[in-house]
Amino acid sequence: MLVGQIGQDSLLVALLLISTVLVLSIVESRRPSVVVSRYLQVLTIAQFLFVALASACLIVLLVTLNFHYQYVVDYTSRSLSPLYRIAAFWGGDAGSLLFWLLVTSAYLLVVRLVRHAGSADLLPIVSAIMALVLLFFAGVLNTVARPFTTLAVAPADGNGLNALLQNPGMTVHPVNLYLGYVGFLVPYAYGMAALLLRRTDALWLQVTRRWTLISWLFLSCGIIYGAHWSYEELGWGGYWAWDPIENAALMPWLAATAFLHSAMVQERKGLLKAWNVVLISLTYLLTLFGTALTRGGLLWSIHSFANGSLGTVFMSFVAFMTLFTVSVLAWRGRDLKGVAQFEAVLSKETGFLMNNVLLIGALFAVLWGTVFPLVSEAVTGSQMLVSGPFYDSVVLPIGVAVIFLMGVGPVLAWRRTDAAHLTAYLAVPFAVAAGVGVLTWLAGYHSVLSLFAYLAATLVCAVIGLEFLRGARARAAITGEGVLLSLGRMIAKNRRRYGGYVVHLAVVLMVIGFATSGAYAKQETANLEIGQTVAIGNYLLTFHGLNTVDKRSGVLLQGSLVVQTAEGKTIGVLDPNVEFFQNGQSPTTNLGLYSTPLADLYVVLDGANFKTGESLFEIHLNPLVSLIWWGGYLYIAGTFVSLWPERKRRRQAWVSAVTLQRERVYKELAELALDHGMGKLGRSGYERTRGQLMGLLNAEPGSEHDLRERLGVQFERQVLAMVEPMGGGEHA
Amino acid sequence: MDIVALRKLLILVAAFLVAGAGMLWLVNQATTGAAQTPQAELWQIASLLHAPGDTTNQTVLSSTVPAAWTLRAEIAQLLAKGENRSEILHVIELQYGPTVLADPSGAGFGLWVWVLPGVALALGLGAAIGYLSKRRDAGAGGSVQAGSGQSELIDAKREEWIEFL
């Protein structure tokens, strides 16, 4: 009982500490002070330690099966392996909220402890916003979702973790999702802080770029691994069901993907300032909305394992945060009006804008389909369900359009692109794509949407291939280095760009997997007697009988099918089974899977007649599913390339702004030369843009002097502001 | 922008769209009326239905609740009687009510689910085009050539920017 008491008390202390962090952060934002800042660092460390202690206590209770606690009874049992006892930490409402609190408090700790060159003034407001969110979660955990609620009498055994959650995926999928969801709080808080302080330049985007990318990576991994888990565990032959909870994870991903692209436009051109704040706010609010769906029990879902009843509490918080965000945007909206302009319609900026329109269009369709049952119930009195066919008809065509744009985007140059050169550059990739389309059709693959997906995917591959090839050649021509060395150095010096291309290639691999397995999967239902054979694709499956296996948790009923090729070569035996549980949980199916790079043979045992041995099997032949998972690995690799820090010159902080500006122009000049060498820009376009950039460099010496003076005054003010609260006020 | 070059680009895009449309037409010609196997047609129809009592949004194709099995058997029987897809869907809707359809029909309030995403996308595209035309730099079309002094500067700075290549 002591461990539980420590856990409960730690949560209460954490609540108090977080409240203090919130108040002091607000104080610090009004009057910056070294003393307050130090107090805040200590308090941030302390709140994290107490949240971590509470989390450790819950894990100890779960692992030691202390059935005096309601949460332990609800989510563990004696037959549960130690790994899943730990995973039960985030298996239920209270535990998952505590995990959320732990991750958020760790993120706040990191934000407070890392260096803040140039963005220190944003930190107090960032801390305040993060503490506000922490306060909500700590409040919920201390009131309506208490993980340490005790029972008067401890039962002999617990209910156990839902059987569907007893999968290795349980250790990966939710953790990644939470790390992603919570991570978006950091760029959101920076965006709000920048807006409140009227610092609407691209600084907050640069400071949070890695946070955003890492959160996006975690969320992506969570989604992909969730699809893999669904494919291997649920036994319906697919990996994505457009379930409300799946949609809840997809929506912030779509918003964040749009944000990652539009942020580049602001960083480069100072455009889309308001749009970027809206996008990151939308991303974060959608993560909260997703949590409300998952933990609130608002909609029925195959994922509502926790059967939560926190819907009202969460939706109130979502409403509060939405109101806060909209108020800040309305209050400071005028500061987001930029003066920068698009130089030409045909430019990378326009490409990113169109990418955003399509991604947000897809997001709206998913959101509308997800909430439509609730809306229809409110309006008509009866709930109208929205399922896969709606999303397939509405969202997938938009997705294919995004892939087409992904093929054209890399060819567009910043500022302006010459139409003639763009045409010439794209002619070969378009021809290759059209050729692949014709061949695909001639080969008998007639699904229209899939055909367009193949066309778009081929276009992207061809364009990216050309980008690497022509880029290396152009660089070699400029520098005089060898092509291979140029290729390596070009990637190393432009990790963000080429890492992005690798991610695009990964997406293309996944799209081919989705398009092929979605349109050309085969399915058979076979009621087989012992010795009977069923054919699917190039495989023959012969039923060899049923057997039972005793397990700690219950009994496994298993059907054995010998798999052969049509030519009679034996491949092996598949043992799809149904697991029956002693504790009365619904039985679950475990599929038999024979996976090859080209196709998966996927067999589910649906039923059996014990007297005759006759058994019912659902057999799927899913082509190219493996590409989705391999695409996932490539996606992670590409994101790491993008994330890897580029080598930076040592510079004095004093003149860093000037140096950064100069380096930015040099970088643009280098990229421009490369684009010209690759044939994206004609001579006149190249010279025009180069002239503009050189104009910026020409104007620099004066601005460096101005900036030194301005920084000097700013520095003096900051020092005075810090000294004042320490008793130096009279000197000011 | 060079008008001739823009025209070439538009011709390329138009040619690609025409080729796509032609391909669509060919595909439709090839697939319309093509005899589906009864099993494939069964799965197609099952993917348009939702089993009564299933609390998830899975279609009859993938649902594992008993009602899904019943519906699959009914579809098979109706197919065996020679009824086509729309007739079968009509019969099943009459029997189980409109909620048996996996998605709302395009009538009544259900129409909104289909219409609104298209409207939103069109509005988004309109807003983007409006933003582009409003924020287009009218003066950017003029040629900015590097003067003789700038050429020297470009050469002088080459060693600097080449570092970033």
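Computed from the coordinates by the stated procedures, all read-outs in this text should not be read as laboratory data. Please read all numbers here as calculations on a predicted model, not as lab measurements. Counting neighbours? That spans all protein chains shown, and the Cβs are built from the backbone with ideal geometry, glycine included.
Past 29 Å, Cα to Cα, is the threshold; run A:Lys348/A:Lys493; A:Lys522/A:Lys569; A:Lys269/A:Lys680; A:Lys611/B:Lys81; A:Lys569/A:Lys611; A:Lys337/A:Lys667 against it and keep the listed order. Before the final figure, lay out the partial values.
On the way: A:Lys348/A:Lys493 20 Å; A:Lys522/A:Lys569 21 Å; A:Lys269/A:Lys680 19 Å; A:Lys611/B:Lys81 33 Å; A:Lys569/A:Lys611 32 Å; A:Lys337/A:Lys667 26 Å.
From A:Lys348/A:Lys493; A:Lys522/A:Lys569; A:Lys269/A:Lys680; A:Lys611/B:Lys81; A:Lys569/A:Lys611; A:Lys337/A:Lys667, over 29 Å: A:Lys611/B:Lys81; A:Lys569/A:Lys611.
Taking the Cα of A:Thr570, stepping 7 Å toward and past its beta carbon, and measuring to each backbone N in region A:584-603: which are under 11 Å? Nothing falls inside the zone, counting backbone N under 11 Å. Region A:437-493 and region A:113-157 have Cα centres separated by 47 Å. In the protein assembly as shown, a dipole from Cβ-located charges (positive for Lys and Arg, negative for Asp and Glu) runs towards its positive end, and of A:Val73, A:Tyr284, A:Ser55 it is A:Tyr284 whose Cα lies farthest in that direction. Pairwise alpha-carbon distances in the protein assembly as shown exceed 39 Å for 48% of all pairs. If you plug the beta carbon distance of A:Arg334 and A:Val562 into 1/(1 + (r/R0)^6) with R0 = 56 Å, you get a FRET efficiency near 0.15. Ordering A:Glu467, A:Glu524 from the fewest to the most neighbouring beta carbons within 10 Å gives A:Glu524, A:Glu467.
Here the spin labels are modelled as points 7 Å beyond Cα on the Cα-Cβ line, and at A:Arg683 and B:Ser133 they lie 3.6 nm apart. Over every Cα atom in region A:433-492, the radius of gyration and the widest Cα-Cα span, Dmax, amount to 16.7, 49 Å.
Consider all pairwise Cα distances in region A:307-398 and report the whole-number % of them above 14 Å. Cα-Cα pairs in region A:307-398 separated by more than 14 Å: 80 percent. Placing dummy labels 7 Å off each Cα toward the beta-carbon, the span from A:Gln661 to A:Val555 is 8.0 nm. Each pair of Cα atoms in region A:37-123 enters the Kirkwood radius, and Stokes-Einstein at 25 °C and 0.890 mPa s then converts it into a translational diffusion coefficient of 169 µm²/s.
Determine the relative contact order of region A:460-503: mean sequence separation of Cα pairs under 8 Å and six or more apart, normalised by residue count, in whole percent. Walk me through the intermediate numbers first.
Values: 23 pairs, mean separation 13.3, N = 44.
This gives 30 percent for region A:460-503.
Taking the fewest neighbouring Cβ atoms within 10 Å as the starting point, the ordered list for A:Trp414, B:Trp43 is A:Trp414, B:Trp43. Could you check the simple spin-label distance between A:Val35 and B:Val91, using points 7 Å along Cα→Cβ, in nm with one decimal? The two pseudo-label positions are separated by 8.5 nm. The mean sequence separation of alpha-carbon pairs under 8 Å and at least six residues apart, normalised by the residue count of region A:388-530, gives a relative contact order of 26 percent. The distance separating the Cα centre of region A:565-580 from that of region A:38-100 comes to 41 Å.
To the nearest 500 deg cm²/dmol, what mean residue ellipticity at 222 nm is calculated for chain A from DSSP H runs of n ≥ 4 alone, each contributing -39,500 (n - 2.57), summed and divided by the residues?
Numbers: 22 runs with 467 residues, N = 732.
The per-residue figure over chain A is -22000 deg cm²/dmol.
Between A:Gln582 and A:Val60, the C-beta separation translates, for a Förster distance of 41 Å, into a calculated FRET efficiency of about 0.95. Does a label point 7 Å from the Cα of B:Ile162, set along Cα-to-beta-carbon, have any residues of region A:475-517 with amide nitrogen under 20 Å, and which are they? Under 20 Å, as judged by backbone N against the label point of B:Ile162, lie A:475-494 of region A:475-517.
Assuming R0 = 41 Å, what is the FRET efficiency of A:Val428 and A:Val144, from their Cβ-Cβ distance, to the nearest 0.05?
On the way: r = 61 Å, r/R0 = 1.50.
According to the calculation, E is roughly 0.10.
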